[in-house]
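Comments concern the structure below.
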Amino acid sequence: MDTNDRCLRVGVIGLNMGQAHAETYKKLPNAELVAVCDKDKGWMEHCQAKWEVPNGFDDYNEMVKMDSLDAVSIALPTFLHLPVALAALKSGKHVLMEKPMAMNVAECEEMTAAAKDAGKTLMISLNQRFDPDVQFLKRYITEGHLGEIYFARTLWRRPLGGLPSPAIDRVTGKYAGRNWFNEAAKGGGALRDLGAHVIDVALWLMGHPELKAAHGHAYNKFLPEHLAGTGQVGDADDHSVGFAQFANGASLQIECSFGQHIDHDELITEVFGTKGGALRWSGKPPKIYSQTGGAYSTTEPRLQEKRSYAQQEFVESILEGREPLVTPAHGIAATKIMDAIYKG
């Protein structure tokens, strides 16, 4: 790839979740969206026309063979992550992989080895890392203001009524391929879909301590009734809880759900240290809890961090020849905890 023009030629595979990838690439001055791919040819052609993309495919094997393509975003159901990543990497393409990285740690490690063999960047699209509140908290904790981090709690819970629909309406017709979110064999479930994000945020804020042990439980309480009469499988977890212990003595509590008996969506990470604590409640200003002498205080800091995007970091890391902020090792770390929770 010639980087003298400081522009990366990118493509997107999977135009359901991949819409956000494509629209972000279109906004970046150092990226050019040159190809899109989706097995639904009508939908692919609609997206290709909407974004004015020169190349469209309904077979990813053909797309990754393009000489005029440097990198791809893979935004497909989890069970397809590994085979499509291997095809792209073996064709000499950098890969931005949607979360979760893969079905399990073994697949993550195979993908990582393939990227190393190909000499290409493999980044995981754990996009909450790039939110201004998370960026602020990372800097604040790294500067030592909370002291030794010994415990964190992270959760993403949704009320009942928001369970994943097996189909959605598109301008090109009804799309019935979304039920994979509810199927364990295809990598669906609340833990992989929501937990991948919150576990990653917590681990990053904690400094990615070495995992000692993890356990938990995955529930399947509401999906069977939700999908009754549709002929669709609903055996994935709709509510999962877990607990991880680290070699440095710290621990992490995890909870996520597609739907439970609560009244509103909650996306929260709390970090506790020997000098203070911090709360991230998505959509609200972060809070810092501290003690000065005998007085305790709660503050809501003014954020200086600007919003950035996983796609932006992916492109810039490649053009600058450096490691991306979210590495394969980070994807593996989150997957180890998820594997342990599923094991029970």
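The values are calculated or read from the model by the stated rules, or taken from the named source; none is laboratory data. What you are looking at is a predicted structure, and each value in this text was computed from that prediction instead of being measured. All Cβ positions, glycine included, derive from the backbone under ideal geometry; neighbour counts span all protein chains shown. Surface areas here come from the heavy atoms of the whole protein model, side chains and all, with no ligands, DNA or RNA. Shrake-Rupley method; radii C 1.70, N 1.55, O 1.52, S 1.80 Å.
With the alpha-carbon atoms as the only input, what is the per residue convex hull volume for region 187-316 in Å³?
180
Which of Lys90, Lys120, Lys284 moves the most in a Gaussian network model of the chain with Cα springs under 10 Å?
Lys284
Restricting to Cα pairs below 8 Å that are 6+ residues apart, what does the relative contact order work out to for region 162-261? Please round to a whole percent.
Relative contact order of region 162-261: 30 percent.
Kindly work out what percent of the DSSP beta bridges joining two residues of the chain are antiparallel, to the nearest 5.
Restricted to the chain, the bridges split so that about 60 percent are antiparallel.
Could you let me know the centre-to-centre spacing of region 15-33 and region 204-227, using Cα atoms, in angstrom?
Distance between centres, Cα-based: 30 Å.
Run down the lysines and flag those whose C-alpha is under 22 Å from the C-alpha of Lys116, throwing out any fewer than 8 positions away in its chain.
Cα-Cα hits under 22 Å: Lys65, Lys90, Lys93, Lys99, Lys336.
Between Thr299 and Lys50, what FRET efficiency follows from the Cβ-Cβ distance if R0 is 45 Å, with the result rounded to 0.05?
For R0 = 45 Å, the calculated efficiency reads 0.50.
I need the shape label for region 137-209. Rule: rounded when a/c is under 1.5, else prolate if a/b > b/c, else oblate, with a, b, c from the alpha carbon gyration tensor.
Since a/c reaches 1.5 and a/b is larger than b/c, the shape of region 137-209 is classed as prolate.
Quick check: Cα centre of region 115-154 to Cα centre of region 293-312, how many Å?
14
How much net charge surrounds Lys41 when only other residues with a Cβ under 12 Å from its Cβ are counted (Lys, Arg +1; Asp, Glu -1)?
-4
Quick one: among Gly11, Gly187, Gly119, which has the greatest mean-square fluctuation in a GNM of the chain with alpha-carbon springs under 10 angstrom?
Sorting by GNM fluctuation, first place goes to Gly119.
Mean residue ellipticity at 222 nm from the helices of the chain, using -39,500 (n - 2.57) per DSSP H segment of n ≥ 4 over the full residue count, to the nearest 500 deg cm²/dmol?
Estimated from H runs of four or more residues: -9000 deg cm²/dmol.
So what is the relative contact order for the chain, in percent, with contacts set as C-alpha pairs under 8 Å and at least six apart?
Relative contact order comes out at 19 percent.
What shape does region 158-249 take by its C-alpha gyration tensor, where a ≥ b ≥ c are the square roots of the eigenvalues and a/c under 1.5 counts as rounded, a/b above b/c as prolate, and the rest as oblate?
prolate
Taking the solvent-accessible surface of protein heavy atoms with a 1.4 Å probe, what is the per residue accessible area of the chain in Å²?
44
For Gly92, what is the net charge nearby, where nearby means another residue's Cβ is under 13 Å from its Cβ and Lys, Arg count +1, Asp, Glu -1?
So the surrounding residues net to +2.
About its Cα centre, what dipole magnitude does the chain give when the only charges are +1 on Lys and Arg Cβ and -1 on Asp and Glu Cβ, stated in debye to the nearest 20?
Computed about the Cα centre, the dipole is about 540 debye.
Who wins for biggest fluctuation among Gly321, Gly229, Gly18 in a Gaussian network model of the chain, springs between alpha carbons below 10 Å?
Gly229
Let me test this: with uniform point scatterers at the alpha carbons of the chain, what is the Debye-based log₁₀ I(q)/I(0) at q = 0.10, 0.12, 0.13 1/Å?
-0.62, -0.90, -1.05
Given H placed on each backbone N at 1.01 Å, which residues far from Leu33 in sequence or on other chains put an amide H within less than 5 Å of it?
Val10
Just to confirm a number: summing +1 for Lys and Arg and -1 for Asp and Glu over residues other than Ser308 whose beta-carbon lies under 11 angstrom from that of Ser308, what do you get?
So the surrounding residues net to -1.
Shape call for region 27-113 from the C-alpha gyration tensor, a ≥ b ≥ c root eigenvalues: rounded (a/c under 1.5), prolate (a/b greater than b/c) or oblate?
Prolate, because a/c is 1.5 or more and a/b exceeds b/c.
In terms of Cα to Cα distance under 18 Å, which aspartates and glutamates are near enough to Lys120, apart from those fewer than 8 places away along the same chain?
In chain and number order, the partners are Asp2, Asp67, Asp70, Glu98, Glu107, Glu109, Glu110, Glu313, Glu316, Glu320, Glu323.
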